[in-house]
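Report on the structure given below.
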Amino acid sequence: MKQYLNKIYTGSVSSFYELAKQKLLGGGKSFIITANPEILMQANKNPEIKSMLLSDENLIVPDGISVVKAMRNAGIAAKERIAGVDICEYLLRTAGEHRLSVYLLGAKEEVVSALSGKITAQYPEMQVHYSNGYDRDKDQIFSEIKELSPDLVIVGLGVPAQELLINRHFQDFTHGVFIGVGGSFDVLSGMKKRSPAIFIKTNTEWLYRILREPSRIKRFWNSNVKFMRYMKKSKK
């Protein structure tokens, strides 16, 4: 597990935003992976995920306080959690301010169309394209995205489907920032409220989500709890 932890960004949120901005405006391409316990645990079983996490091409951030704690326990000086939803919001704002283009893929039609409308209203000169995460073949959609060649591609299909999809097509692109953001479209569109500030500040958003949606407890057990137990056992 430490081989994955060693690849994760150790700086602050603000320093990562500066790096992400450079990637977005620099004309190259970058794949940002928001590493949570779920994808780290699956890397042990899935060679493609393992390859993604170990690739020097990709930027990996600690999207989960348990990941930050695991890094620190492994002797890696991680500063703080960098949430995927916050990165997504920052990238959209930066792209809007610089009149760039974005492709949104994922969520229900009413969610992604609402987010598209919200972005367009705020940044009228920004080119926004989107597809929902249910109706069509995702690999075919990526072929269409390649033709559009957007500056920013945000995929909200859940871990690890979104990362695997990006990874399959990343080499086909010559520029752009790519990132998987899970359920962030729901929050950014206004369809779903994010955790109250106290939960964000105390790194307990996971608890708020479980309280709101008890069905999440099984997923939390299979990812976060097993990850923490695995790391504790490895340390011993």
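Checked across the range 20-28, the condition of being over 20 Å from Phe227 (Cα atoms), touching a His at 6+ places or on another chain (Cβ under 7 Å) and in a helix (DSSP H, G or I) holds for at least one residue. Scanning the range 52-74 for residues that are over 17 Å from the mean Cα position of the chain (by Cα) and either part of a helix (DSSP H, G or I) or closer than 20 Å to Gly182 by Cβ (or both) gives Lys69, Ala70, Met71, Arg72, Asn73. As a summary of the residue check, Ala77 satisfies the conditions (1) closer than 18 Å to Gly156 by Cβ; (2) part of a loop (DSSP other than H, G, I, E, B) except for the one numbered (1). When Met41 is tested against (1) in contact with a Phe, Trp or Tyr (Cβ under 7 Å, 6 or more places away or on another chain); (2) at pLDDT 95 or above, only condition (2) is not met.
Is there a residue being closer than 22 Å to Pro62 by Cβ, part of a helix (DSSP H, G or I) and of a type in the set (Ser, Thr, Tyr) anywhere in the range 177-184? Yes: the range 177-184 contains one or more residues that are closer than 22 Å to Pro62 by Cβ, part of a helix (DSSP H, G or I) and of a type in the set (Ser, Thr, Tyr). Restricting Val153, Val159, Val112 to those that are hydrophobic (A, V, I, L, M, F, W, C), touching a residue at least 40 places away in the same chain (Cβ under 8 Å) and assigned to a loop (DSSP other than H, G, I, E, B) reduces the list to Val159. Only a single criterion out of (1) of a type in the set (Phe, Trp, Tyr); (2) under 20 Å from Arg136 (Cα atoms); (3) out of contact with any Leu (no Cβ under 6 Å at 6 or more places or on another chain) is not satisfied by Phe199, namely (2). Tell me, which residue of the range 147-203 that is of a type in the set (Ser, Thr, Tyr) and under 18 Å from the mean Cα position of the chain (by Cα) is nearest to Glu48 (Cα to Cα)? By that ranking, first place goes to Ser184.
Considering only residues of the range 117-146 that are within 18 Å of the chain's Cα centre (by Cα), farther than 22 Å from Glu57 by Cα and not charged (D, E, K, R), which is modelled with the lowest pLDDT? Spell out the reasoning first.
We begin by selecting, within the range 117-146, every residue within 18 Å of the chain's Cα centre (by Cα); these are 130-133, 138, 142.
Filter again for farther than 22 Å from Glu57 by Cα, leaving 130-133, 138.
Retained after the next criterion (residues that are not charged (D, E, K, R)): 130-133.
Values: Tyr130: 97, Ser131: 97, Asn132: 97, Gly133: 92.
Once the filter is applied, the top-ranked residue is Gly133.
The residue that is surrounded by the fewest Cβ atoms within 10 Å (Cβ to Cβ), counting only those in the range 87-104 that are without any contact (Cβ under 8 Å) to a residue 60 or more places away in the chain and not small (Gly, Ala, Ser), is Glu97. Among the conditions (1) more than 23 Å from Arg229 (Cβ to Cβ); (2) in contact (Cβ under 8 Å) with a residue 24 or more places away in the chain; (3) among the hydroxyl-bearing types (Ser, Thr, Tyr), the only one that Tyr4 does not satisfy is (1).
For the range 22-81: of the residues being out of contact with any Leu (no Cβ under 9 Å at 6 or more places or on another chain), under 23 Å from Gln162 (Cα atoms) and of a type in the set (Lys, Arg), which is surrounded by the fewest Cβ atoms within 10 Å (Cβ to Cβ)? My answer is Lys45.
The values are calculated or read from the model by the stated rules, or taken from the named source; none is laboratory data. Not measured: the values here are computed from a predicted model. Methodologically, a virtual Cβ is constructed for each residue, glycine included, from the backbone with ideal geometry; neighbour enumeration extends over all protein chains shown.
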